[in-house]
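The values are calculated or read from the model by the stated rules, or taken from the named source; none is laboratory data. Model, not experiment: these values are computed from the prediction. Neighbour counts run over all protein chains shown; Cβ positions are idealised from the backbone, glycine included. Side chains are part of the model used for accessible areas, which takes the heavy atoms of the whole protein and leaves out ligands, DNA and RNA. Shrake-Rupley method; radii C 1.70, N 1.55, O 1.52, S 1.80 Å.
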Amino acid sequence: MQPPLVVQLQHFEISCVKDRAENITEAIRQPAYIVRAVRGPIQSFIHTEEVGALFLLVAAAAALVWINSPWSASYVDFWHIEISFDIHIFAISEDLRHLVNEGLMAVFFFVVGLEIKRELVHGELSTFRKAILPVVAAVGGMSAPAVIYVLFNYSGDYLVGWGIPMATDIAFAVGILALLGRRVPTELRVFLLGLAIVDDLGAIGVIAVFYTEAINWTNLGLGVGFFVAIALCVRFGIRSIGFYLVMCVVMWQFFLESGIHATLAGVLIAAIVPSKPDLLRRDYAAAVKNLLHDFRLAMANKNEEKAQTIVAQIENLSRGTEEPLERLEATIHPWVSFVVLPLFALANAAIVFDADTLSAALESQVTLGIALGLLIGNPTGILGLTWLAIKFGLAELPTGVGWRHILGVGFLAGIGFTVAIFIAGIAFNDPSVVDQAKLGVFAASLLAGAVGYLLLRTVGGRNPDLDSEL
(Lines give C-alpha, C1' and ligand atoms only; values in the text may rest on other atoms or scores of the structure.)
Protein backbone atom coordinates (compact mmCIF):
# COMPACT_ATOMS: atom_id res chain seq x y z
CA MET A 1 0.00 0.00 0.00
CA GLN A 2 1.55 3.29 -1.09
CA PRO A 3 1.24 6.26 1.31
CA PRO A 4 -0.74 9.34 0.19
CA LEU A 5 2.45 11.36 -0.19
CA VAL A 6 4.50 8.93 -2.25
CA VAL A 7 5.73 10.69 -5.39
CA GLN A 8 6.17 8.45 -8.39
CA LEU A 9 7.96 10.35 -11.10
CA GLN A 10 8.20 7.86 -13.92
CA HIS A 11 8.37 10.38 -16.75
CA PHE A 12 10.69 13.27 -16.79
CA GLU A 13 8.47 16.04 -18.18
CA ILE A 14 8.66 19.37 -16.38
CA SER A 15 4.91 19.90 -16.63
CA CYS A 16 4.31 16.61 -14.78
CA VAL A 17 6.74 17.67 -12.06
CA LYS A 18 4.90 20.95 -11.56
CA ASP A 19 1.57 19.17 -11.22
CA ARG A 20 2.96 16.75 -8.69
CA ALA A 21 4.60 19.53 -6.71
CA GLU A 22 1.26 21.29 -6.42
CA ASN A 23 -0.43 18.03 -5.34
CA ILE A 24 2.18 17.43 -2.65
CA THR A 25 1.89 20.85 -1.07
CA GLU A 26 -1.90 20.80 -1.32
CA ALA A 27 -2.11 17.36 0.30
CA ILE A 28 0.04 18.47 3.19
CA ARG A 29 -2.04 21.61 3.77
CA GLN A 30 -5.42 19.86 3.63
CA PRO A 31 -6.84 18.71 7.00
CA ALA A 32 -8.49 15.83 5.13
CA TYR A 33 -5.04 14.26 4.78
CA ILE A 34 -5.00 13.54 8.50
CA VAL A 35 -8.35 11.79 8.25
CA ARG A 36 -7.17 9.69 5.31
CA ALA A 37 -3.95 8.81 7.11
CA VAL A 38 -5.93 7.37 10.03
CA ARG A 39 -8.82 5.81 8.10
CA GLY A 40 -6.68 4.35 5.31
CA PRO A 41 -5.07 1.54 7.35
CA ILE A 42 -8.43 0.65 8.91
CA GLN A 43 -10.18 0.45 5.51
CA SER A 44 -7.32 -1.61 4.09
CA PHE A 45 -7.44 -3.89 7.14
CA ILE A 46 -11.19 -4.49 6.78
CA HIS A 47 -10.91 -5.18 3.05
CA THR A 48 -8.09 -7.69 3.60
CA GLU A 49 -10.09 -9.45 6.31
CA GLU A 50 -13.11 -9.74 3.99
CA VAL A 51 -11.17 -11.51 1.24
CA GLY A 52 -8.97 -13.40 3.72
CA ALA A 53 -12.07 -14.98 5.27
CA LEU A 54 -12.79 -16.68 1.94
CA PHE A 55 -9.25 -18.10 1.76
CA LEU A 56 -9.58 -19.31 5.34
CA LEU A 57 -12.89 -21.01 4.60
CA VAL A 58 -11.53 -22.74 1.49
CA ALA A 59 -8.47 -24.00 3.40
CA ALA A 60 -10.64 -25.37 6.23
CA ALA A 61 -12.91 -27.11 3.73
CA ALA A 62 -9.87 -28.56 1.95
CA ALA A 63 -8.56 -29.99 5.24
CA LEU A 64 -11.92 -31.62 5.99
CA VAL A 65 -12.21 -33.11 2.51
CA TRP A 66 -8.60 -34.35 2.53
CA ILE A 67 -8.79 -36.08 5.93
CA ASN A 68 -12.10 -37.75 5.03
CA SER A 69 -10.92 -38.89 1.59
CA PRO A 70 -9.19 -42.15 0.57
CA TRP A 71 -5.93 -40.16 0.76
CA SER A 72 -6.26 -39.32 4.48
CA ALA A 73 -2.99 -41.10 5.27
CA SER A 74 -1.12 -38.67 3.03
CA TYR A 75 -2.59 -35.77 5.02
CA VAL A 76 -1.23 -37.18 8.27
CA ASP A 77 2.14 -38.03 6.73
CA PHE A 78 2.49 -34.59 5.14
CA TRP A 79 2.03 -32.64 8.36
CA HIS A 80 4.43 -34.96 10.20
CA ILE A 81 7.31 -34.26 7.83
CA GLU A 82 10.27 -33.30 9.99
CA ILE A 83 12.06 -30.02 9.26
CA SER A 84 15.46 -29.36 10.85
CA PHE A 85 17.72 -26.31 10.96
CA ASP A 86 21.07 -26.02 12.70
CA ILE A 87 22.87 -22.76 12.05
CA HIS A 88 25.18 -22.09 15.01
CA ILE A 89 23.06 -20.12 17.50
CA PHE A 90 19.80 -21.11 15.79
CA ALA A 91 18.78 -24.78 15.80
CA ILE A 92 15.33 -26.30 15.58
CA SER A 93 13.76 -29.63 14.66
CA GLU A 94 9.95 -29.74 14.35
CA ASP A 95 7.33 -31.29 12.09
CA LEU A 96 5.41 -29.12 9.64
CA ARG A 97 2.33 -28.75 11.84
CA HIS A 98 4.36 -27.49 14.80
CA LEU A 99 6.25 -25.07 12.57
CA VAL A 100 2.94 -23.64 11.38
CA ASN A 101 1.41 -23.50 14.87
CA GLU A 102 4.44 -22.10 16.66
CA GLY A 103 6.34 -20.37 13.86
CA LEU A 104 3.93 -18.94 11.33
CA MET A 105 1.34 -18.23 14.03
CA ALA A 106 3.96 -16.04 15.72
CA VAL A 107 3.72 -13.88 12.59
CA PHE A 108 -0.07 -13.88 12.98
CA PHE A 109 0.19 -12.69 16.57
CA PHE A 110 2.76 -10.10 15.50
CA VAL A 111 0.17 -8.60 13.14
CA VAL A 112 -2.45 -8.83 15.90
CA GLY A 113 -0.06 -6.89 18.12
CA LEU A 114 0.38 -4.24 15.41
CA GLU A 115 -3.41 -3.95 15.06
CA ILE A 116 -3.80 -3.52 18.82
CA LYS A 117 -1.07 -0.87 18.95
CA ARG A 118 -2.57 1.01 15.99
CA GLU A 119 -5.95 1.15 17.71
CA LEU A 120 -4.33 2.26 20.98
CA VAL A 121 -2.32 5.02 19.29
CA HIS A 122 -4.90 6.62 17.01
CA GLY A 123 -7.82 4.27 16.57
CA GLU A 124 -10.93 3.18 18.42
CA LEU A 125 -8.96 2.53 21.63
CA SER A 126 -6.97 5.77 21.66
CA THR A 127 -9.16 7.59 24.22
CA PHE A 128 -11.22 6.44 27.18
CA ARG A 129 -14.44 7.65 25.57
CA LYS A 130 -13.74 5.74 22.37
CA ALA A 131 -12.39 2.62 24.04
CA ILE A 132 -14.86 2.06 26.86
CA LEU A 133 -17.72 0.58 24.82
CA PRO A 134 -15.74 -2.00 22.75
CA VAL A 135 -13.65 -2.85 25.82
CA VAL A 136 -16.71 -3.44 27.99
CA ALA A 137 -18.39 -5.40 25.20
CA ALA A 138 -15.28 -7.54 24.72
CA VAL A 139 -15.08 -8.28 28.45
CA GLY A 140 -18.67 -9.52 28.28
CA GLY A 141 -17.88 -11.53 25.15
CA MET A 142 -14.94 -13.22 26.89
CA SER A 143 -16.26 -13.79 30.40
CA ALA A 144 -19.74 -15.17 29.65
CA PRO A 145 -18.52 -17.94 27.30
CA ALA A 146 -15.85 -18.97 29.82
CA VAL A 147 -18.45 -19.15 32.61
CA ILE A 148 -20.78 -21.29 30.47
CA TYR A 149 -17.94 -23.68 29.63
CA VAL A 150 -16.97 -23.98 33.30
CA LEU A 151 -20.57 -24.79 34.26
CA PHE A 152 -20.40 -27.86 32.01
CA ASN A 153 -16.84 -28.94 32.88
CA TYR A 154 -16.06 -27.77 36.41
CA SER A 155 -16.01 -31.31 37.87
CA GLY A 156 -14.15 -33.06 35.06
CA ASP A 157 -10.60 -33.24 33.76
CA TYR A 158 -11.20 -30.75 30.96
CA LEU A 159 -11.69 -27.52 32.90
CA VAL A 160 -8.49 -26.28 31.23
CA GLY A 161 -10.48 -25.69 28.02
CA TRP A 162 -12.34 -22.68 29.44
CA GLY A 163 -10.28 -20.29 27.27
CA ILE A 164 -11.43 -21.84 23.98
CA PRO A 165 -14.88 -20.18 23.61
CA MET A 166 -13.47 -16.75 24.55
CA ALA A 167 -11.95 -16.18 21.12
CA THR A 168 -13.46 -14.22 18.22
CA ASP A 169 -12.27 -14.72 14.64
CA ILE A 170 -11.89 -11.22 13.16
CA ALA A 171 -11.61 -12.44 9.57
CA PHE A 172 -14.90 -14.33 9.54
CA ALA A 173 -16.79 -11.78 11.67
CA VAL A 174 -15.74 -8.82 9.50
CA GLY A 175 -16.22 -10.90 6.34
CA ILE A 176 -19.85 -11.68 7.18
CA LEU A 177 -20.49 -8.05 8.10
CA ALA A 178 -19.07 -7.08 4.71
CA LEU A 179 -21.69 -9.25 2.98
CA LEU A 180 -24.34 -6.93 4.39
CA GLY A 181 -22.83 -3.93 2.63
CA ARG A 182 -24.70 -0.71 3.35
CA ARG A 183 -27.43 -2.53 5.24
CA VAL A 184 -25.43 -1.88 8.42
CA PRO A 185 -23.95 1.45 9.56
CA THR A 186 -20.21 2.03 9.22
CA GLU A 187 -20.03 2.72 12.96
CA LEU A 188 -21.06 -0.88 13.59
CA ARG A 189 -18.08 -2.16 11.61
CA VAL A 190 -15.74 0.03 13.66
CA PHE A 191 -17.38 -1.20 16.89
CA LEU A 192 -16.94 -4.84 15.85
CA LEU A 193 -13.32 -4.23 14.87
CA GLY A 194 -12.54 -2.60 18.23
CA LEU A 195 -14.35 -5.38 20.11
CA ALA A 196 -12.51 -8.13 18.21
CA ILE A 197 -9.12 -6.50 18.74
CA VAL A 198 -9.71 -6.22 22.50
CA ASP A 199 -10.85 -9.86 22.40
CA ASP A 200 -7.56 -10.79 20.71
CA LEU A 201 -5.66 -8.93 23.43
CA GLY A 202 -7.57 -10.93 26.05
CA ALA A 203 -6.80 -14.19 24.22
CA ILE A 204 -3.10 -13.30 24.17
CA GLY A 205 -3.18 -12.72 27.92
CA VAL A 206 -4.97 -16.01 28.53
CA ILE A 207 -2.43 -17.93 26.44
CA ALA A 208 0.48 -16.25 28.23
CA VAL A 209 -0.81 -16.79 31.76
CA PHE A 210 -2.83 -19.99 31.68
CA TYR A 211 -1.42 -22.05 28.81
CA THR A 212 2.28 -21.88 29.58
CA GLU A 213 4.08 -25.07 30.58
CA ALA A 214 7.06 -25.40 32.93
CA ILE A 215 9.43 -22.51 32.31
CA ASN A 216 13.10 -22.89 31.38
CA TRP A 217 14.39 -19.72 32.99
CA THR A 218 17.73 -19.74 31.15
CA ASN A 219 16.11 -19.72 27.71
CA LEU A 220 13.50 -17.22 28.87
CA GLY A 221 16.27 -14.93 30.11
CA LEU A 222 18.06 -15.18 26.77
CA GLY A 223 14.82 -14.47 24.93
CA VAL A 224 14.13 -11.42 27.09
CA GLY A 225 17.74 -10.31 26.56
CA PHE A 226 17.30 -10.38 22.79
CA PHE A 227 14.01 -8.50 23.17
CA VAL A 228 15.74 -5.75 25.17
CA ALA A 229 18.50 -5.59 22.55
CA ILE A 230 15.92 -5.24 19.76
CA ALA A 231 14.11 -2.51 21.71
CA LEU A 232 17.38 -0.58 22.15
CA CYS A 233 18.16 -0.88 18.44
CA VAL A 234 14.71 0.51 17.63
CA ARG A 235 15.27 3.31 20.11
CA PHE A 236 18.61 4.23 18.50
CA GLY A 237 17.07 4.37 15.03
CA ILE A 238 18.44 1.24 13.35
CA ARG A 239 16.18 0.50 10.37
CA SER A 240 17.69 -2.65 8.79
CA ILE A 241 14.92 -5.20 8.11
CA GLY A 242 17.42 -8.05 7.69
CA PHE A 243 19.04 -7.29 11.05
CA TYR A 244 15.71 -7.30 12.88
CA LEU A 245 14.58 -10.46 11.10
CA VAL A 246 17.61 -12.39 12.35
CA MET A 247 17.26 -10.98 15.89
CA CYS A 248 13.54 -11.79 16.02
CA VAL A 249 14.00 -15.36 14.78
CA VAL A 250 16.64 -16.03 17.46
CA MET A 251 14.41 -14.45 20.11
CA TRP A 252 11.51 -16.63 18.93
CA GLN A 253 13.68 -19.76 19.27
CA PHE A 254 14.57 -18.95 22.88
CA PHE A 255 10.92 -18.34 23.71
CA LEU A 256 10.03 -21.65 22.04
CA GLU A 257 12.56 -23.49 24.19
CA SER A 258 11.62 -21.59 27.36
CA GLY A 259 8.15 -23.18 27.71
CA ILE A 260 6.31 -19.87 27.18
CA HIS A 261 4.34 -20.16 23.95
CA ALA A 262 6.57 -18.91 21.16
CA THR A 263 3.78 -16.96 19.45
CA LEU A 264 3.93 -14.42 22.26
CA ALA A 265 7.31 -13.31 20.94
CA GLY A 266 5.46 -11.79 18.00
CA VAL A 267 3.23 -9.73 20.28
CA LEU A 268 6.22 -8.39 22.23
CA ILE A 269 8.01 -7.31 19.05
CA ALA A 270 4.85 -5.57 17.79
CA ALA A 271 4.71 -3.53 21.01
CA ILE A 272 8.04 -1.80 20.26
CA VAL A 273 7.45 -1.05 16.56
CA PRO A 274 7.59 2.77 16.22
CA SER A 275 4.24 4.44 15.66
CA LYS A 276 5.68 7.77 14.53
CA PRO A 277 7.22 8.49 11.11
CA ASP A 278 10.92 9.21 10.77
CA LEU A 279 10.19 12.39 8.82
CA LEU A 280 7.68 15.07 9.78
CA ARG A 281 5.38 16.35 7.03
CA ARG A 282 6.65 19.91 7.20
CA ASP A 283 10.26 18.71 6.82
CA TYR A 284 9.18 16.46 3.97
CA ALA A 285 7.49 19.38 2.19
CA ALA A 286 10.57 21.57 2.48
CA ALA A 287 12.91 18.80 1.30
CA VAL A 288 10.73 17.86 -1.66
CA LYS A 289 10.36 21.49 -2.69
CA ASN A 290 14.15 21.84 -2.92
CA LEU A 291 14.52 18.52 -4.74
CA LEU A 292 11.85 19.48 -7.29
CA HIS A 293 13.75 22.70 -7.95
CA ASP A 294 16.91 20.66 -8.57
CA PHE A 295 14.89 18.28 -10.74
CA ARG A 296 13.75 21.10 -13.02
CA LEU A 297 17.34 22.30 -13.39
CA ALA A 298 18.51 18.76 -14.18
CA MET A 299 15.83 18.37 -16.84
CA ALA A 300 16.58 21.80 -18.29
CA ASN A 301 20.21 20.69 -18.65
CA LYS A 302 19.07 17.28 -20.00
CA ASN A 303 20.89 15.53 -17.16
CA GLU A 304 18.64 12.48 -16.84
CA GLU A 305 21.06 10.62 -14.55
CA LYS A 306 20.84 13.35 -11.95
CA ALA A 307 17.06 13.55 -12.44
CA GLN A 308 16.78 9.83 -11.76
CA THR A 309 18.84 10.22 -8.59
CA ILE A 310 16.52 12.98 -7.39
CA VAL A 311 13.48 10.77 -8.07
CA ALA A 312 15.03 8.05 -5.87
CA GLN A 313 15.67 10.60 -3.12
CA ILE A 314 12.04 11.74 -3.25
CA GLU A 315 10.83 8.15 -3.02
CA ASN A 316 13.06 7.52 0.01
CA LEU A 317 11.78 10.67 1.67
CA SER A 318 8.21 9.60 0.94
CA ARG A 319 8.77 6.27 2.67
CA GLY A 320 10.09 8.20 5.64
CA THR A 321 6.70 9.91 6.09
CA GLU A 322 5.05 6.54 6.76
CA GLU A 323 4.76 5.19 10.25
CA PRO A 324 6.83 1.99 10.53
CA LEU A 325 3.84 0.42 12.30
CA GLU A 326 1.52 1.23 9.41
CA ARG A 327 4.04 0.15 6.79
CA LEU A 328 4.73 -3.20 8.46
CA GLU A 329 1.05 -3.93 8.98
CA ALA A 330 0.23 -3.09 5.37
CA THR A 331 3.09 -5.31 4.15
CA ILE A 332 2.61 -8.36 6.38
CA HIS A 333 -1.16 -8.38 6.91
CA PRO A 334 -1.99 -9.73 3.41
CA TRP A 335 0.57 -12.53 3.90
CA VAL A 336 -1.09 -13.46 7.18
CA SER A 337 -4.60 -13.37 5.69
CA PHE A 338 -3.78 -15.21 2.47
CA VAL A 339 -0.94 -17.54 3.51
CA VAL A 340 -0.45 -17.95 7.26
CA LEU A 341 -4.06 -18.40 8.37
CA PRO A 342 -5.05 -20.65 5.43
CA LEU A 343 -2.01 -22.85 6.18
CA PHE A 344 -3.04 -22.94 9.84
CA ALA A 345 -6.57 -23.99 8.86
CA LEU A 346 -5.24 -26.62 6.46
CA ALA A 347 -3.01 -28.03 9.21
CA ASN A 348 -5.54 -27.93 12.05
CA ALA A 349 -9.13 -27.97 10.77
CA ALA A 350 -9.12 -31.65 9.79
CA ILE A 351 -11.63 -33.84 11.65
CA VAL A 352 -12.60 -37.37 10.67
CA PHE A 353 -16.39 -37.39 10.44
CA ASP A 354 -17.14 -40.97 11.37
CA ALA A 355 -19.83 -42.41 13.64
CA ASP A 356 -17.50 -42.74 16.62
CA THR A 357 -16.24 -39.14 16.46
CA LEU A 358 -19.71 -37.66 16.06
CA SER A 359 -21.16 -39.87 18.81
CA ALA A 360 -18.38 -38.89 21.22
CA ALA A 361 -18.87 -35.20 20.40
CA LEU A 362 -22.62 -35.34 21.00
CA GLU A 363 -22.01 -36.81 24.45
CA SER A 364 -19.02 -34.58 25.26
CA GLN A 365 -19.28 -31.85 27.87
CA VAL A 366 -16.31 -30.22 26.15
CA THR A 367 -18.19 -29.93 22.85
CA LEU A 368 -21.34 -28.70 24.57
CA GLY A 369 -19.53 -26.18 26.75
CA ILE A 370 -17.63 -24.70 23.81
CA ALA A 371 -20.65 -24.62 21.49
CA LEU A 372 -22.98 -22.98 24.01
CA GLY A 373 -20.21 -20.66 25.18
CA LEU A 374 -19.70 -19.32 21.67
CA LEU A 375 -23.31 -19.38 20.54
CA ILE A 376 -25.05 -18.16 23.73
CA GLY A 377 -22.27 -16.69 25.87
CA ASN A 378 -20.96 -14.17 23.35
CA PRO A 379 -24.23 -12.41 22.43
CA THR A 380 -25.43 -12.55 26.05
CA GLY A 381 -22.21 -11.16 27.49
CA ILE A 382 -21.75 -8.47 24.83
CA LEU A 383 -25.35 -7.27 24.94
CA GLY A 384 -25.51 -7.42 28.75
CA LEU A 385 -22.34 -5.47 29.55
CA THR A 386 -22.96 -2.99 26.74
CA TRP A 387 -26.41 -2.29 28.19
CA LEU A 388 -24.90 -1.78 31.66
CA ALA A 389 -22.28 0.63 30.28
CA ILE A 390 -24.99 2.68 28.58
CA LYS A 391 -27.32 2.48 31.58
CA PHE A 392 -24.72 3.86 33.98
CA GLY A 393 -23.59 6.58 31.59
CA LEU A 394 -20.10 5.22 30.93
CA ALA A 395 -20.65 5.22 27.16
CA GLU A 396 -23.24 5.75 24.46
CA LEU A 397 -24.22 3.76 21.40
CA PRO A 398 -22.45 4.79 18.18
CA THR A 399 -24.43 6.94 15.76
CA GLY A 400 -26.95 4.89 13.79
CA VAL A 401 -26.45 1.79 15.91
CA GLY A 402 -29.37 0.22 17.81
CA TRP A 403 -29.65 -2.63 20.27
CA ARG A 404 -30.53 -5.17 17.61
CA HIS A 405 -27.30 -4.26 15.86
CA ILE A 406 -25.40 -4.96 19.09
CA LEU A 407 -27.14 -8.32 19.42
CA GLY A 408 -26.24 -9.19 15.82
CA VAL A 409 -22.59 -8.28 16.44
CA GLY A 410 -22.75 -10.44 19.59
CA PHE A 411 -23.60 -13.45 17.45
CA LEU A 412 -20.86 -12.63 14.93
CA ALA A 413 -18.42 -12.52 17.85
CA GLY A 414 -19.44 -16.13 18.49
CA ILE A 415 -17.46 -17.17 15.41
CA GLY A 416 -14.40 -18.55 17.19
CA PHE A 417 -12.54 -20.55 14.54
CA THR A 418 -8.83 -19.58 14.25
CA VAL A 419 -7.82 -18.61 17.80
CA ALA A 420 -10.33 -21.02 19.36
CA ILE A 421 -8.83 -23.96 17.44
CA PHE A 422 -5.36 -22.66 18.33
CA ILE A 423 -6.15 -22.64 22.05
CA ALA A 424 -7.81 -26.07 21.81
CA GLY A 425 -4.58 -27.47 20.39
CA ILE A 426 -2.51 -26.25 23.33
CA ALA A 427 -5.15 -26.90 26.04
CA PHE A 428 -5.67 -30.62 25.40
CA ASN A 429 -3.17 -33.41 24.80
CA ASP A 430 -5.71 -36.08 23.84
CA PRO A 431 -6.35 -35.90 20.04
CA SER A 432 -9.91 -37.18 20.47
CA VAL A 433 -10.71 -34.37 22.91
CA VAL A 434 -9.14 -31.83 20.54
CA ASP A 435 -11.48 -33.15 17.81
CA GLN A 436 -14.46 -32.77 20.15
CA ALA A 437 -13.41 -29.20 20.86
CA LYS A 438 -13.04 -28.46 17.13
CA LEU A 439 -16.50 -29.85 16.42
CA GLY A 440 -17.92 -27.55 19.09
CA VAL A 441 -16.10 -24.59 17.52
CA PHE A 442 -17.25 -25.48 14.00
CA ALA A 443 -20.90 -26.05 14.93
CA ALA A 444 -21.20 -22.90 17.04
CA SER A 445 -19.32 -20.74 14.52
CA LEU A 446 -21.59 -21.80 11.66
CA LEU A 447 -24.77 -21.20 13.69
CA ALA A 448 -23.54 -17.94 15.22
CA GLY A 449 -22.50 -16.59 11.82
CA ALA A 450 -25.83 -17.52 10.23
CA VAL A 451 -27.92 -16.06 13.07
CA GLY A 452 -25.83 -12.88 13.19
CA TYR A 453 -26.09 -12.40 9.43
CA LEU A 454 -29.86 -12.95 9.33
CA LEU A 455 -30.45 -10.71 12.34
CA LEU A 456 -28.38 -7.83 10.94
CA ARG A 457 -29.87 -8.27 7.48
CA THR A 458 -33.35 -7.94 8.98
CA VAL A 459 -32.62 -4.94 11.15
CA GLY A 460 -30.03 -3.28 8.90
CA GLY A 461 -32.37 -0.83 7.17
CA ARG A 462 -34.44 0.02 10.21
CA ASN A 463 -34.33 3.25 12.15
CA PRO A 464 -32.24 2.56 15.28
CA ASP A 465 -34.50 4.97 17.18
CA LEU A 466 -37.16 2.21 17.10
CA ASP A 467 -35.07 0.06 19.41
CA SER A 468 -33.13 2.72 21.30
CA GLU A 469 -34.64 1.58 24.56
CA LEU A 470 -33.94 -1.83 26.01
Query raised in the report: Just wondering, is there one or more residues in segment 350-371 that are out of contact with any Lys or Arg (no Cβ under 8 Å at 6 or more places or on another chain) and over 30 Å from residue 72 (Cα atoms)?
Result: no
Report summary line: Scanning segment 154-193 residue by residue, those among the aliphatic types (A, V, I, L, M), assigned to a helix (DSSP H, G or I) and within 22 Å of residue 380 (Cβ to Cβ) turn out to be 159, 164, 166, 170, 173, 174, 176, 177, 188, 192, 193
Query raised in the report: Looking only at segment 352-375, which residues are more than 17 Å from residue 163 (Cβ to Cβ), among the hydrophobic types (A, V, I, L, M, F, W, C) and surrounded by fewer than 21 Cβ atoms within 10 Å (Cβ to Cβ)?
Result: 352, 353, 355, 358, 360, 362
**Report entry** Sole residue being more than 28 Å from residue 121 (Cα to Cα), not β-branched (Val, Ile, Thr) and not in a helix (DSSP H, G or I), chosen from 302, 276, 289, 306
**Finding:** 302
Requested in this report: Give the residue that is nearest to residue 275 (Cα to Cα), with candidates limited to residues of segment 224-257 that are among the small types (Gly, Ala, Ser) and modelled with pLDDT of 90 or more.
Outcome: 231
Report summary line: Condition set hydrophobic (A, V, I, L, M, F, W, C) and touching a helix residue (DSSP H, G or I) at 6+ places or on another chain (Cβ under 6 Å), scope segment 376-390, selection modelled with the lowest pLDDT: answer is 389
Query raised in the report: Looking only at segment 241-260, which residues are under 23 Å from the mean Cα position of the chain (by Cα) and aromatic (Phe, Trp, Tyr)?
Result: 244, 252, 255
Query raised in the report: Can you tell me which residues in segment 63-101 are touching a helix residue (DSSP H, G or I) at 6+ places or on another chain (Cβ under 6 Å), surrounded by 15 or more Cβ atoms within 10 Å (Cβ to Cβ) and not β-branched (Val, Ile, Thr)?
Result: 63, 66, 75, 79, 96, 97
Query - Out of 148, 132, sole residue that is at pLDDT 95 or above and assigned to a helix (DSSP H, G or I) - result: 148
Report task. Considering each of 177, 188, 192 in turn, give the residue that is open to solvent by less than 10 Å² (accessible area, probe 1.4 Å) and touching an Asp or Glu at 6+ places or on another chain (Cβ under 9 Å). Result -> 177
Query raised in the report: If you go through segment 207-225 one residue at a time, how many are surrounded by fewer than 20 Cβ atoms within 10 Å (Cβ to Cβ) and closer than 18 Å to residue 268 by Cα?
Result: 13
Query raised in the report: Looking only at residues in segment 203-227 that are over 24 Å from the mean Cα position of the chain (by Cα) and among the hydrophobic types (A, V, I, L, M, F, W, C), which one is nearest to residue 241 (Cα to Cα)?
Result: 226
Report summary line: For segment 170-185, pairs from a residue that is farther than 16 Å from residue 342 by Cα to a residue that is open to solvent by 30 Å² or more (accessible area, probe 1.4 Å) and among the acidic types (Asp, Glu), with Cβ under 7 Å and 6 or more apart or across chains, are 174/50; 178/50
Query raised in the report: Can you name every residue in segment 347-375 that is among the hydrophobic types (A, V, I, L, M, F, W, C), under 22 Å from the mean Cα position of the chain (by Cα) and modelled with pLDDT under 90?
Result: 347, 349
Query raised in the report: Which is at pLDDT 90 or above, over 19 Å from residue 426 (Cβ atoms) and either touching a Cys at 6+ places or on another chain (Cβ under 6 Å) or surrounded by 22 or more Cβ atoms within 10 Å (Cβ to Cβ) (or both), of 123, 141?
Result: 141
Query raised in the report: Looking at this structure, is residue 234 among the β-branched types (Val, Ile, Thr), closer than 21 Å to residue 125 by Cα and touching a residue at least 24 places away in the same chain (Cβ under 8 Å)?
Result: no
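Conditions (1) open to solvent by less than 10 Å² (accessible area, probe 1.4 Å); (2) more than 22 Å from the chain's Cα centre (by Cα); (3) of a type in the set (Val, Ile, Thr); (4) on the phi > 0 side of the Ramachandran plot, marked per residue:
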| position | (1), (2), (3), (4) |
| --- | --- |
| 377 | yes, yes, no, no |
| 380 | no, yes, yes, no |
| 384 | no, yes, no, no |
| 387 | no, yes, no, no |
| 393 | no, yes, no, yes |
| 399 | no, yes, yes, no |
| 408 | yes, no, no, no |
| 416 | yes, no, no, no |
| 420 | yes, no, no, no |
Query - Some residue of segment 88-96 being in a loop (DSSP other than H, G, I, E, B) and more than 30 Å from residue 388 (Cα to Cα) - result: yes
Report task. For residue 51, indicate whether it is open to solvent by 40 Å² or more (accessible area, probe 1.4 Å) and modelled with pLDDT of 80 or more. Result -> no
Query raised in the report: Is one or more of the residues making up segment 428-443 open to solvent by 60 Å² or more (accessible area, probe 1.4 Å), modelled with pLDDT of 90 or more, of a type in the set (Val, Ile, Thr) and out of contact with any Leu (no Cβ under 6 Å at 6 or more places or on another chain)?
Result: no
